[in-house]
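Below: the structure, in structure tokens.
The values are calculated or read from the model by the stated rules, or taken from the named source; none is laboratory data. As the structure is a computational prediction, the values presented were derived from the model and not from experiment. Glycine gets a Cβ as well: all are built from the backbone with ideal geometry, and neighbour counts include every protein chain shown.
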Amino acid sequence: MKRVLVLLYGVSCYAVFFATFLYAIAFLGNFIVGNSIDAAPAIGVGQAIAVNIALLAVFALQHSIMARPAFKRWWTRFVPPAAERSTYVLFSSLALILLFWLWQPIGAVVWQVDRTAGQVLLYAGYASGWILLLTATFLINHFDLFGLRQAWLYFRGRPYTEIAFRTPSLYKIVRHPLYVGWLLIFWCTPTMTAAHLLFALMTTAYILIGMRLEERDLTRAFPEYESYRRKVPALIPFTKGRRANPLADGVRQL
């Protein structure tokens with residue numbers, strides 16, 4: 001019975017994630033949903049900034065703390081190991097749902113691209129970010145990343161085995177295609193309001209900081225990762241062994 005419950009729990013957590021994923025496309029792209037990231041403001045600027053920073057901080061803390069190996073070792077004293085990843089996915093989804101629900105638009109327009117060619121280019125970049133993001137998850141095992149593999153193996157009575165370190169296709173070009181996808185999503189927009197800019201700046205900073213923490217954990221878990229890190233750039237393709245540009249200098253060796 002416990003195995004069935006863990007499997008149902010894993011599937012349910014994935015369903016919440018998938019619904020959140022679809023809503024995020026609409027929220028960040030200003031499609032369909034009413035209270036999108038660039039909607040009309042409803043409260044004062046100072047209050048909106050404070051609320052949005054708090055919402056982003058909640059997501060960042062949850063996402064980072066629950067991903068750390070030390071937290072996982074403590075957490076699995078209370079949660080079945082087979083459900084640990086699904087629980088992480090569920091809490092991450094809930095943090096995003098809270099952000100979507102309480103997000104406060106600010107209104108001031110930082111840039112507005114009106115030319116059709118420019119809009120098409122930016123929307124293509126936005127769509128490419130989501131495609132890249134999803135593709136990268138399948139390259140490293142999508143179902144393990146979102147907890148379904150763990151729940152399924154437990155249901156079948158088979159022991160969980162860690163995914164071996166490998167660098168398929170996109171991972172031979174950059175170490176973090178997932179993050180490249182997110183950056184395209186955050187910045188490729190024909191309408192950049194102050195609230196959107198706040199979101200993009202804070203999430204970009206979070207990615208750069210989180211990337212360093214993640215790479216520290218990966219180096220400890222996989223001895224070969226250090227050699228991989230020296231050979232393949234983190235975010236900007238084809239920059240290893242070349243003179244760094246200003247952005248590469250700012251995220252040196254991340």
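Things to note:
- Test: residue in the range 76-89 that is touching a residue at least 12 places away in the same chain (Cβ under 8 Å), closer than 29 Å to A195 by Cα and among the polar types (S, T, N, Q): no
- Members of the range 26-66 that are closer than 21 Å to L90 by Cβ, at pLDDT below 90 and not β-branched (V, I, T): H63, S64, M66
- Filter pass, A67 being under 30 Å from Y123 (Cα atoms), touching a residue at least 40 places away in the same chain (Cβ under 8 Å), surrounded by 15 or more Cβ atoms within 10 Å (Cβ to Cβ) and among the small types (G, A, S): no
- The residues listed here are A82, A151, A127; of these, the one that is out of contact with any Cys (no Cβ under 9 Å at 6 or more places or on another chain) and in a helix (DSSP H, G or I) is A82.
- Single unsatisfied condition, A95 versus (1) more than 29 Å from I43 (Cβ to Cβ); (2) in a helix (DSSP H, G or I): (1)
- For D38, the conditions (1) assigned to a loop (DSSP other than H, G, I, E, B); (2) surrounded by 16 or more Cβ atoms within 10 Å (Cβ to Cβ); (3) out of contact with any Ser or Thr (no Cβ under 8 Å at 6 or more places or on another chain) all hold with the exception of (3).
- Some residue of the range 192-200 being in contact (Cβ under 8 Å) with a residue 24 or more places away in the chain, hydroxyl-bearing (S, T, Y) and either buried (at least 18 other Cβ atoms within 10 Å of the Cβ) or more than 25 Å from A57 (Cα to Cα) (or both): yes
- Within the range 154-164, being of a type outside the set (D, E, K, R) and either surrounded by fewer than 10 Cβ atoms within 10 Å (Cβ to Cβ) or outside any loop (DSSP other than H, G, I, E, B) (or both) holds for Y154, F155, G157, P159, T161, A164.
- Selection status of L94, within 15 Å of the chain's Cα centre (by Cα), at pLDDT 95 or above and under 23 Å from T137 (Cα atoms): yes
- Test: residue in the range 12-30 that is closer than 30 Å to V110 by Cβ, touching a strand residue (DSSP E or B) at 6+ places or on another chain (Cβ under 9 Å) and surrounded by 15 or more Cβ atoms within 10 Å (Cβ to Cβ): yes
- Considering residues of the range 201-236 that are of a type in the set (V, I, T) and without any contact (Cβ under 8 Å) to a residue 40 or more places away in the chain only, the residue farthest from A48 (Cα to Cα): T219
- Sole exception among (1) out of contact with any strand residue (DSSP E or B) (no Cβ under 9 Å at 6 or more places or on another chain); (2) modelled with pLDDT under 90 for V174, by number: (2)
- Residue among I140, I106 that is surrounded by 15 or more Cβ atoms within 10 Å (Cβ to Cβ) and free of Cβ contacts under 8 Å to residues at least 40 places away in the same chain: I140
- Qualifying residue in the range 52-63 (condition: surrounded by fewer than 16 Cβ atoms within 10 Å (Cβ to Cβ) and either on the phi > 0 side of the Ramachandran plot or among the small types (G, A, S) (or both)): yes
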